[in-house]
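Here, each number is a calculation from the coordinates, and none is a lab measurement. None of the values given here were measured: they were computed from a predicted structure. Cβ placement follows ideal geometry from the backbone for every residue including glycine, while neighbour counts extend to all protein chains displayed.
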Amino acid sequence: DENAQSILISLDNHFIEKVRDSMAKWLPQMERSDVIKASLEKRGCFIYAETKEQAIEIVNKISPEHLELSVD
């Protein structure tokens with residue numbers, strides 16, 4: 001879906017860069033890469049948060065319908 005929203009919020013800038021690099025590598029090989037690319041360009045972003053509290057604040061402002069958490 002070209003209107004799908006994908007946002008990565010992380011406390012680790014290095015992790016964000018690794019995800020960006022991985023996406024650049026694998027996106028051209030994916031089925032429907034044109035749709036995925038359009039979605040990411042329109043409604044995708046990477047956000048660095050300095051603290052967990054700041055990350056929570058950002059999530060609350062975005063108010064996503066679907067949320068996946070991966071935390072330590």
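Would you confirm, using the coordinates I've provided, whether ILE56 is β-branched (Val, Ile, Thr), touching a helix residue (DSSP H, G or I) at 6+ places or on another chain (Cβ under 9 Å) and closer than 20 Å to LEU69 by Cβ?
Taking the combined requirement at face value, the residue does not satisfy it.
Can you give me the ranges of the helices (runs of 4 or more DSSP H) entirely in the chain with at least 2 residues that are of a type in the set (A, V, I, L, M, F, W, C) and without any contact (Cβ under 8 Å) to a residue 12 or more places away in the chain?
13-26
For the stretch 20-32, give me each residue that is loosely packed, with under 14 Cβ neighbours inside 10 Å and within 12 Å of the chain's Cα centre (by Cα).
ARG20 - this is the single residue of the stretch 20-32 that is loosely packed, with under 14 Cβ neighbours inside 10 Å and within 12 Å of the chain's Cα centre (by Cα).
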